[in-house]
Each structure stands twice: as structure tokens, then as C-alpha cells.
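The structure under discussion appears below in the form of C-alpha cells.
Values quoted throughout were computed directly from the atomic coordinates according to the rules given, and no laboratory measurement underlies them. Note that the coordinates shown come from a computational prediction; the quantities given were computed from them, not determined experimentally. Cβ sites come from the backbone with ideal geometry, for glycine too, and all protein chains shown count toward neighbours.
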Number of protein chains: 2
Amino acid sequence: MYLPEQIDIVEVGPRDGLQSLRKWVPTEDKVRMVDRLSQAGFPVIEVTGFVHPRVIPNLQDAEAVCERIARRPGIVYRGLAPNARGAERAAAARVDEIVGLTIASASYLKKNQNMTPEQADAQAIEAFRIADAKGLRYVLAIGMAFWCPYEGLIPQDRVQAMVGRFRDAGIRRLYLAGSVGMEDPRHVNALFTRLYDRYPDIELGFHVHNLSGMATANIVAALDAGAAWLEGAICGIGGGIAMPETLGAVGNFPTEDMVRMMTLMQVQTGLDPDAVLAASRDIARLLDIAPRSHAAHGSTREAVMKWGREHPHEHPA
Amino acid sequence: MYLPEQIDIVEVGPRDGLQSLRKWVPTEDKVRMVDRLSQAGFPVIEVTGFVHPRVIPNLQDAEAVCERIARRPGIVYRGLAPNARGAERAAAARVDEIVGLTIASASYLKKNQNMTPEQADAQAIEAFRIADAKGLRYVLAIGMAFWCPYEGLIPQDRVQAMVGRFRDAGIRRLYLAGSVGMEDPRHVNALFTRLYDRYPDIELGFHVHNLSGMATANIVAALDAGAAWLEGAICGIGGGIAMPETLGAVGNFPTEDMVRMMTLMQVQTGLDPDAVLAASRDIARLLDIAPRSHAAHGSTREAVMKWGREHPHEHPA
């Protein structure tokens, strides 16, 4: 099992978390959230999305958020821009990085965005060209890269062909997203391995969801195959299918658990797990949400040792 | 990342699950539980424990359970026997395999069993000799093999030395248990690798807990390093520290999730994930407990696709 010495943890909560929250978060609270994440030290923060307000009403204040956040030197502030119009707006709002989006499932694209794969891919390439012309970093998300609720398993050949086309267009940084979190470690490991074998000059990230409970296994599988960064959301907000709670719906993997796991595995992230946990507590309070992480519920080595000191006569069964 | 073609899933619920349940389960229900697990097809079932009834009152009917279960040909019925007296009782009750127990943390052993490591190890070897003399299979559990709430990280040298001593005594099959589930994948992978490198003629299993949320990563890490079997408990019963619920206490990893994960990873177990899930539902009803698995809460590919068919216009965020 290969583990890298160092990876980046990308925090997507302000965009991917807030976009599906069932309430409006005032601009000033969004700014506080991003500033708190900057303080915790995330190297990349996805701040907002430049999409039509009718499509994602929660992110309609994208420009205002970008205007008011306190930018820390060295941190990459990222904005989602699925098309040319979004990329122009993102550039005007002075993001450091644009993230584009396409989907490996035609059925999902049709249902969700009423687009064909060709249309989505063309829009992503247009957004990339604008980012490139303006000297901004660009990364492309490939959603439903492993498994889709409508199509089931996504053929690896299809994802490889997509990556090849984007690479031909000049895109070198992409990330694979399970999107519903039902992927399995063998598949994750195989797809990352295949893409790096075929295209050694690209850089791949992994956007982690946890509906299946196998997220940590998928993380290890992705790292083993060379994933260069991981994406998650503070408190595990967002990214969940709108499924009933009886389905145990869980979405984005919490960054406070991700950082802790990397630290335990001696994979450097430049982040302090306790500082990130403190940020998750502050943000949970700010947004009035219950964090979904193990760390926030005390499943940390420190908490268990404290329990041990306070309960010298009880014991694990 | 290496994955084996085949592994065994060992079901420990009737012993490790019921021993810490906060209620008495009548003998006839224990028998029903074991029979239901036999019907699901587990290759090894840990039926009960031969310990003093004052120590584990819930298992005081060990002989009666062994007498009344319907033994299926090919299934290994296992009994816990921590010492010579237990091994004699287990043999008389016609178990197929005896599992012994020692602990890699002296602090834990002292607090929990008021024994020294030397005493615990000597008892385990006595139990092994009895099993061996009677032609029974024997496997030795090493608890707290990675991390202990009282001692923190357990040095790998210590576990290696223990395994070496047991191997010198003739024991070739052992399993490593995190016991509280706070181990991390790098450590798990490293310890399995080291033990197999040093002692190529032993066979190692991994007893999986999930307090940290990293159980699936630890499973992948153990398999990558050659773990020959995995141990879990139906419905995830038992194995939890007696911690307050706010600590998110979770214990044994549910076998219904374990089998499903192996199937998705194309690791053969000889078990049908749907049959195991059905068994978990029946056993949850029998014991009047809430199953802790993802599968029981509908986080399966089948359930998510069914949701997709029924909600064609909603979509994952």
C-alpha cells in the first residue's frame, strides 16, 4: 500500500455545502465561514459558485462573498464556474482558481441539467479557456465518475476517454467525484491507476462522499493510486442525495475527519487537526447545523484516552 | 493495492455481541440467532464463551447453546476459551474451534482482568495445548494490538515479540484486534506486513471495530498486507466501549456491511450480501435491537437505484 508524504485537503463547504442547505445563509455569515476556514489554514477553499441564481439560489451572492472575504496570502480561493459566463464572473470576482464541472453519466446530466455530455464538455472547455487566458488555475470536476443512481457502474473506458479529450484541450488538473458516495475501493484504485498510466502528465484529485460508509477505504485506495489531493466539506455539510433519513443519507466527507485521518497516517497536510476541529465547531454554531463528523462527536484518540482516565474501572468489551 | 481473491468472514455476534448486551437473551433465542447465521452461510460462527458466569453472566448458558444449535456440515462453530478450564469445557461442548485471548496492553490487562501479560499468555498457551491434544482448531486473539485507551500506541515490536512467542509454542493462527477501533490504516498495514515478513508460516486475521470511522480503510489496509480473514458481528452488535453516546460509540463492524463491501470489491466470501442482510434484519427483530450497519439503513446500491427510479426529478446535490 502506497501512501504519499504530502497531499492537499481542499475545503468545498462554502460552495458545495451551502448550495444544498435548506435555508438561506446571509452573506455576512458566508464570509465568516470562509474567513474561519482561512484561519484554520486550508490551502484551497471553494468559496462560492458563479451559476444562475435560479439554478442555485443559495449562491446568488457570489460576487459579494468574494468581495468581502479576508484573503490570506498563499490560500487559493476557488469558484465554481460551469460555463463561459460563470468563468467571466469568477475572474471578475478575483478568484484564484476556477473549478468546472462535467458528469460521466448522460442520464444524470439529462435529468439534472437537461444537457448532453457534448454540451457539458464543451462548456467546461470554454470555461477552461477563459481561465487560461486570464492566468487563473483551472480544475475540472468529473461527477458520477464511478457509479450513478440511474446508470449504475460507469465504465472506466468512458471516463478515460473523457479525460483524454479534456487533456487534448489543455486541461491537466481534474478530480473524480463519486457524487453519491457508492463507489468501492477496488474501482477507485483501478480508475486512478488507469488514468495515471494512460496520461502521466495529469494531476488527479478525489472528491469524497460517504453514503456507503466506505469513504475512508476509498480515500486509501485513491492515495495508493496517486491521488494528489482530497476534497471534503467542513462538518460534512452538503453533497447528500435528497434521500429520506431512513436511507442513512450522508454526503460530503467531513474535512475535520479527513485531516485527522491523514495526520494519523503520517500524510502531511500542513493542517492541525485540532484547529480544523475547532473551526468545524465554530462553523456548526454559525450555521446552526449538527456536524456529521466522527471527530465532532468525540471519536478521537484524545477523547477516548480522556474517557479512559475518567473511567479507570470500566473497560472496552 | 493488493486484494486477495477470497477471504473468510467470521461472525462473532453470538459471543462478542451478546456478552456486552445490556440484557439477558434467553437460550432459545441465542440458538435461533446462531441457526439463522448458519442459514446465512457464515463459514465460522463464534457461538459462545466458556468463561466463569460471574465474569460474563450473559454467556452462562454456553453448554446449553452448543447442545441445541443445528450444526451445518462445513461450518466451524467456535467457542471462546481464555484458559485451560474454558478449553476443557469448550471441547466437551463439541466446538470445532477454540479462540483464546490475550492483550497487548499490560495496563488494560491489569485493569480489566487483573493479570500480567505473562499470566494471560501462559493461559492462552495452556488452552492451545488442550485444543491441540483434542484435535480442535485453535486461533488466538491479540486484543489492543494497535492502540489502547490507557497506553496509546502499542509498539509494533511488542506485538511482534508476542506473536513470536506464541509461534514458538506452536500457535500458527492469530488475529489482531484493535478492540476500541481507533487504529489507523498505515499502522494496520505496517503491522500485518511486518508479522508476515518475520513469520511467513503464520496466518493472520483482523477483528474489525469502527469507533474512529476508519474501519473500511483499515480493512483495505489489512487485506493489502495479506490478512486471511475478517471478523465482525451481525448488526454491528457489541464491541463498543461503554462510552456515552455523545462520543459516537460504535463497536464491532457489521458483517452485513463487510460482506457487501467484499462483494463490491470482487473479493469472494462465499456469502450472498442480500442473504446476510436478511439475517441481520431477522436477528435485529429477534434481539429487539437497532442494527448499526449502512446496509440495514438502505445505503446499498440497490436501494439508491430504487430511490432514483422513484424520484426521477430530484437529484444528488
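Helix-derived [θ] at 222 nm for the protein assembly as shown: sum -39500 (n - 2.57) over DSSP H runs of at least 4, divide by residue count, nearest 500?
Taking each H run of at least 4 residues, the total per residue is -12500 deg cm²/dmol.
Once you sort the root eigenvalues of the Cα gyration tensor of the stretch B:201-242 as a ≥ b ≥ c, which label holds: rounded (a/c under 1.5), prolate (a/b larger than b/c) or oblate (the other case)?
Verdict is prolate for the stretch B:201-242.
Excluding A:TRP147 itself, calculate the net charge of residues whose Cβ lies under 13 Å from the Cβ of A:TRP147, where each Lys or Arg counts +1 and each Asp or Glu counts -1.
So the environment of A:TRP147 carries a net charge of -1.
Can you say what percent of the DSSP beta bridges in the stretch B:8-310, counting only those with both residues inside, are antiparallel? Round to 5.
Approximately 10 percent, going by the DSSP bridge assignments.
Classify the stretch A:115-228: rounded, prolate or oblate, from the alpha-carbon gyration tensor (a ≥ b ≥ c, eigenvalue square roots; a/c under 1.5 rounded; otherwise prolate if a/b is larger than b/c)?
prolate
Tell me, A:HIS297, A:HIS207 in order of fewest to most beta-carbon neighbours within 10 Å?
A:HIS297, A:HIS207
What number, in percent, do you get for the relative contact order of the stretch B:8-310 if the mean sequence gap of Cα pairs under 8 Å and at least 6 apart is divided by its residue count?
17 percent
Take the Cβ-Cβ distance between A:GLU5 and B:ARG68 as r, set R0 to 60 Å, and report the resulting FRET efficiency rounded to the nearest 0.05.
0.60
In nm, one decimal, shortest first: how far is the label point of B:PRO57 (7 Å from Cα along Cα to beta carbon) from the matching points in the other copies?
For B:PRO57, the inter-copy label distances come out at 5.8 nm.
Compute the Cα gyration tensor for the protein assembly as shown, then decide on rounded, prolate or oblate, letting a ≥ b ≥ c be the square roots of its eigenvalues: rounded whenever a/c is under 1.5, prolate when a/b is larger than b/c in the other cases, and oblate in all that remain.
prolate
So for A:GLU203, B:GLU231, fewest C-beta neighbours within 10 Å to most, what's the order?
A:GLU203, B:GLU231
Could you list A:ARG137, A:ARG89 so that the one with the fewest beta carbons within 10 Å of its beta carbon is first and the one with the most is last?
A:ARG137, A:ARG89
Which distances, shortest first and in nm, link B:ALA161 to the matching position in the other copies, using label points set 7 Å out along Cα to C-beta?
When each copy's label point is compared with this one, the spacings are 6.0 nm.
Which angle from 0 to 90°, rounded to the nearest 10, does the C-alpha axis of helix A:255-264 make with the longest principal axis of chain A?
Around 70 degrees separate the two axes.
Residue by residue through A:35-45, how many Cβ atoms from other chains fall within 10 Å of the Cβ on average?
The mean count of partner-chain Cβ atoms within 10 Å per residue comes to 0.
Once both axes come from the Cα atoms, what is the angle between helix A:156-168 and the longest principal axis of chain A, in degrees from 0 to 90, rounded to 10?
Roughly 60 degrees, rounded to the nearest 10.
Per-residue counts of other Cβ atoms within 10 Å, averaged by peptide: what ranking do you get for A:156-165, A:255-264, highest first?
Put in order of decreasing packing, that is A:255-264, A:156-165.
How many Cβ atoms of partner chains, on average, are near each residue of B:287-299 if near means within 10 Å of its Cβ?
Average neighbour count from other chains, rounded to a whole number: 3.
Given the peptides B:14-21, A:5-12, B:300-307, arrange them by the average over their residues of other C-beta atoms within 10 Å, most packed first.
The peptides rank, most packed first, as B:14-21, A:5-12, B:300-307.
Please identify the trypsin sites (Lys or Arg not before Pro) of the stretch B:26-83 that satisfy two criteria: DSSP loop assignment and at most 10 other Cβ atoms within 10 Å. Which are they?
Those that pass, being in a loop and sparsely packed, are B:ARG54.
On a C-alpha basis, how far is the centre of the stretch B:154-168 from the centre of the stretch B:1-76 in Å? Whole number, if you could?
28 Å
Using only atoms on other chains, find how many Cβ atoms lie within 10 Å of each Cβ of peptide A:215-227 and report the average.
5
Under the rule of at least 5 residues apart or a separate chain, name every residue whose amide H is placed under 5 Å from the amide H of A:LEU153.
Correct list: A:CYS148.
Pairs A:LYS111/B:LYS306; A:LYS306/B:LYS111; B:LYS30/B:LYS306: which are spaced more than 23 Å apart, C-alpha to C-alpha?
Over 23 Å apart, Cα to Cα: B:LYS30/B:LYS306.
Which order do peptides A:95-106, A:278-289 fall in by mean Cβ count within 10 Å, highest first?
Top of the packing list down: A:95-106, A:278-289.
Quick one: label points 7 angstrom along Cα→Cβ at A:ASP201, distances to the other copies in nm, smallest first?
5.5
As an exercise, use a Förster radius of 51 Å and the Cβ-Cβ distance of A:LYS134 and B:ARG309 to find the FRET efficiency, rounded to the nearest 0.05.
Approximately 0.75, to the nearest 0.05.
Round to the nearest 10 and give me the degree value, 0 to 90, for the angle of helix B:273-287's Cα axis relative to the longest principal axis of chain B.
In chain B, helix B:273-287 runs at an angle near 70 degrees to the longest axis.
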